[in-house]
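Data first, discussion second: the structure below is written as structure tokens.
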Amino acid sequence: MSARRISGLWLIAPVTVLLVVGFLAPTAIMGMLSLRNYSGMSGIGDSWTLENYIGVITDPFYLTIIGRTLLLGVIVTALCLLLAFPLALFILRSGPKVQTASILLVIFPLLCNIVVRSFGWMVLLAPRGIINEALIGAGLIAHPLPLMYDLTGVTIGLVQIFLPFMVLLLIPALQNIPADVEAAALILKASRLRTFFTITLPLALPGILTGSILVFVLSISALVTPRMLGGPTYRVMATQIYEEFMTNLNWPGGAALAFVLTVIALALIWGANRIGNRLTRGISGGNS
Amino acid sequence: MSSLSLRSLVKRYDETEVVKSVSLEVAEGEFVSLLGPSGCGKTTILRMVAGLLAPTSGQILIGGEDVTRLPPNRRNLGLVFQSYALFPHLTVADNVAFGLRRLGVKGAELSGRVTEALARVRLGHLGDRYPRQLSGGQQQRVALARSIAPRPGILLFDEPLSNLDAQLREEMQIELKQLQAELGLTSIFVTHDQHEAMTLSDRICLMAGGVIQQIGTPEEVYLSPATGFVADFIGSPNKLSGTMRGARVDLGGGIALTSANDTLADGTPVRVTLRQEDVAIAPIADDAGAGAIEGTIRLRLFEGASVQFLVAVAEGVELLARVAQQDPRATLAPGDRVRLSVAPERVFVAPAGAAGA
């Protein structure tokens, strides 16, 4: 290794130290913790066991929570995608003034703290919240609609929070589609709809995948919004991990659940990348 | 094959008229170039014919049918883009098949026609590749195959060769001309390159400032330019200014040339265009004919096929003359005294400051 290279390595030394001390070490400690036995009476024991993991993947209580979390992730990701795609296209195809204004509007909610935004949704969605009161007042419904403490409320909150990420990732992806390609499809007698599905959509796929992975991973690991809008009864993995650590003081159990969540996220990213590479062979990388 | 008529076509953006009442008739199987400098409106016209832009007013007829309000996918056209515009996520064969599938061509006929189209552009062996694995010239040939495969009524070209390097461009010009002649395709070819337009076209439609300056065969446009702009744009011209004195043009410095153009009044200030290849150069001993001007060679530029001479004929008046490299006069050297002459019908004059400048 040349002297130049070694001096170059110094540049990445700070971030390496930070990652080892701040990420790898705690993860390793958590990993060991998740393999410790635990009992409500004596706390964390000092023998090794797989009990915590077996508990998580066999107990119907945890399985329901895992299933619910994944379902939530899929729904939030799909809704974000459906809402963000037309918005990204609109932003891309409007004039410079409208473009700047709409990008600012998209980013604007990010300036507001998640707790505040989630609380805002509570005010709107609660059984005696603004929406239900208004609908009852208008005589449209007799009893309050269940908008909170369930899938609906958490979904609404998370979609609103993660929509900007999806929009901001889709814009460059759509921008990368060569200008004349859609015109070429139209001239070759494809309808606008067919052009969208056979040309625009496949060419935007890399951005769609990146955006979807990001929103999915953020959704299944979100804590604040599910805690506030899901309440104590509608539990997802992140809130349950919090519960295990902070309320039950079952650190090994919480650690095991956290690792299961991490493994699910990593598996999904890996799988999505594989699919992505296969579907975008002509656009990026791949064999030549 | 279809014919094409443009009737008083206008395109206006806010206050600017990019295309000003353009009318053009293109017969079946004819190859017409829209030639002009950038911003002359030629690409705008092409995009209106393709249906990618809506005209402000006027009509577009393809095969006698008014298509002015029809979307691009209902006009039965092919368009070859400057950027190629291949579908990057589809293989070469799938790119070519795209238009055929829209026509409902299936199975053996589909693969047969894809193979045929690719064979026509000599890319039969590359059907499985993706566009990014091909060179620029190959990509443009795929784009061509993709456009001709569905047998469109009219084939449009938007500066298709300008992204290619010079040699490849000349090869492609020949290929394109052969293909067009074989298939008898009605073609509209947009270019800013006069050589390309002259080589390929049956007729050239020369444009400037959104207005047609002249429509004619390459010979007509070259030999009898209708406006001062055309004379300046075509060939490699010497551009001078002068004043009419009867049938002669006074270029100043005691230099005058006879022009065949006798429509301009005595004393009119004019722009004079002399093509380099029309300026006959001869050693001083020779008799270069009537209207000869004497001068001294300042520079000799060897260009390969030809040699260019910069000749000072009077104080502040210099002319460029060009002779073939095989010509005995090509050996003239800087400092030699020479006689220059231009045939009267090759002296193009136009009133100074006339429209179309």
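Taken together, the residues in segment A:132-156 that are closer than 22 Å to A:P232 by Cβ, of a type outside the set (G, A, S) and in a helix (DSSP H, G or I) amount to 6.
Summed over segment B:90-139, the residues that are within 13 Å of chain A (Cβ to nearest Cβ), in a helix (DSSP H, G or I) and of a type in the set (D, E, K, R) give a count of 4. Looking only at residues of segment B:101-121 that are within 17 Å of B:L86 (Cβ to Cβ) and touching a residue at least 24 places away in the same chain (Cβ under 8 Å), we find that the one that is nearest to the chain's Cα centre (by Cα) is B:V121. Whether a residue is loosely packed, with under 15 Cβ neighbours inside 10 Å, out of contact with any Asp or Glu (no Cβ under 6 Å at 6 or more places or on another chain) and not small (G, A, S) was assessed, and B:H125 passes this test. Is it the case that segment A:100-116 has a residue that's aliphatic (A, V, I, L, M) and not in a helix (DSSP H, G or I)? No, because not a single residue in segment A:100-116 is aliphatic (A, V, I, L, M) and not in a helix (DSSP H, G or I). If you go through segment B:64-77 and pick out every residue that is over 25 Å from B:E17 (Cα atoms) and either more than 9 Å from chain A (Cβ to nearest Cβ) or at pLDDT 95 or above (or both), you end up with 2. For segment A:42-58, the condition holds for no residue, the condition being that it is acidic (D, E), in a loop (DSSP other than H, G, I, E, B) and farther than 25 Å from A:L168 by Cβ. Would you check which residues across segment B:225-242 are surrounded by fewer than 19 Cβ atoms within 10 Å (Cβ to Cβ) and more than 20 Å from B:R322 (Cα to Cα) and list them? The answer is B:A226, B:S241. Pairs linking a residue in segment A:95-117 that is within 15 Å of A:L168 (Cβ to Cβ) to a residue that is of a type outside the set (A, V, I, L, M) and part of a loop (DSSP other than H, G, I, E, B), with Cβ atoms under 8 Å and 6 or more positions apart or on different chains, are A:S102/A:S94. State whether one or more residues within segment B:50-63 are within 14 Å of another protein chain (Cβ to nearest Cβ) and within 22 Å of the chain's Cα centre (by Cα). Checked segment B:50-63: at least one residue is within 14 Å of another protein chain (Cβ to nearest Cβ) and within 22 Å of the chain's Cα centre (by Cα). The residues on offer are B:A312, B:A350, B:A330, and the sole one that is touching a strand residue (DSSP E or B) at 6+ places or on another chain (Cβ under 6 Å), closer than 18 Å to B:G252 by Cα and either without any contact (Cβ under 8 Å) to a residue 40 or more places away in the chain or in a helix (DSSP H, G or I) (or both) is B:A312. The residues on offer are A:D150, A:D180, and the sole one that is in contact (Cβ under 8 Å) with a residue 40 or more places away in the chain, of a type in the set (D, E) and touching a Phe, Trp or Tyr at 6+ places or on another chain (Cβ under 9 Å) is A:D150. Taking segment A:179-199 as the range and being buried (at least 21 other Cβ atoms within 10 Å of the Cβ) and more than 9 Å from every other protein chain (Cβ to nearest Cβ) as the test, no residue passes. The condition of being of a type outside the set (S, T, Y) and under 30 Å from B:Q213 (Cβ atoms) holds for B:A247.
Every test in (1) in a helix (DSSP H, G or I); (2) within 14 Å of another protein chain (Cβ to nearest Cβ) is passed by A:T239 save one, and that test is (2). Of all the criteria given as (1) within 14 Å of chain B (Cβ to nearest Cβ); (2) part of a helix (DSSP H, G or I), the one not satisfied by A:L218 is (1).
Among the listed residues A:A272, A:A258, which satisfies the condition of being part of a helix (DSSP H, G or I) and either crowded, with 18+ Cβ neighbours inside 10 Å or among the β-branched types (V, I, T) (or both)? It is A:A258. Out of the residues in segment A:264-281 that are at the interface with another protein chain (Cβ under 9 Å from one of its Cβ atoms) and in contact with a helix residue (DSSP H, G or I) (Cβ under 7 Å, 6 or more places away or on another chain), which is modelled with the lowest pLDDT? That would be A:T280. Hey, can you tell me all the residues within segment B:1-55 that are surrounded by fewer than 16 Cβ atoms within 10 Å (Cβ to Cβ) and among the hydrophobic types (A, V, I, L, M, F, W, C)? Within segment B:1-55, B:A27, B:A54 meet the criteria. Quick one: in segment B:141-174, which of the residues that are closer than 20 Å to B:A97 by Cβ and without any contact (Cβ under 8 Å) to a residue 60 or more places away in the chain is farthest from the other protein chains (Cβ to nearest Cβ)? Among those that are closer than 20 Å to B:A97 by Cβ and without any contact (Cβ under 8 Å) to a residue 60 or more places away in the chain, it is B:R141. Within segment B:93-104, is even one residue of a type in the set (V, I, T) and closer than 22 Å to A:L201 by Cβ? Scanning segment B:93-104, I find at least one residue that is of a type in the set (V, I, T) and closer than 22 Å to A:L201 by Cβ, so the answer is yes. Suppose the filter is surrounded by 14 or more Cβ atoms within 10 Å (Cβ to Cβ), more than 9 Å from every other protein chain (Cβ to nearest Cβ) and of a type in the set (G, A, S); does B:A85 pass it? So B:A85 fails the test.
A quick yes/no check of all residues on (1) within 13 Å of another protein chain (Cβ to nearest Cβ); (2) within 27 Å of A:V217 (Cβ to Cβ); (3) part of a helix (DSSP H, G or I); (4) among the charged types (D, E, K, R):
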| site | (1), (2), (3), (4) |
| --- | --- |
| A:L158 | no, yes, yes, no |
| A:F162 | no, yes, yes, no |
| A:L168 | no, yes, yes, no |
| A:I177 | yes, yes, no, no |
| A:L201 | yes, yes, yes, no |
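Out of A:I114, A:I161, A:I171, A:I107, one residue alone is in contact with a Lys or Arg (Cβ under 7 Å, 6 or more places away or on another chain) and of a type in the set (A, V, I, L, M). It is A:I161.
Looking at segment A:29-40, can you tell me whether even one residue there is part of a helix (DSSP H, G or I), loosely packed, with under 11 Cβ neighbours inside 10 Å and under 31 Å from the mean Cα position of the chain (by Cα)? No, there is no match, as no residue in segment A:29-40 is part of a helix (DSSP H, G or I), loosely packed, with under 11 Cβ neighbours inside 10 Å and under 31 Å from the mean Cα position of the chain (by Cα). Counting only helices (runs of 4 or more DSSP H) that fall entirely inside segment B:179-235 and contain at least 2 residues that are farther than 22 Å from B:L161 by Cβ and touching a strand residue (DSSP E or B) at 6+ places or on another chain (Cβ under 6 Å), the qualifying elements are B:228-233.
The values are calculated or read from the model by the stated rules, or taken from the named source; none is laboratory data. On a predicted model such as this, the values are computed, not experimentally measured, just so you know. Every residue, glycine among them, receives a Cβ derived from its backbone with ideal geometry; neighbour counts consider all protein chains shown.
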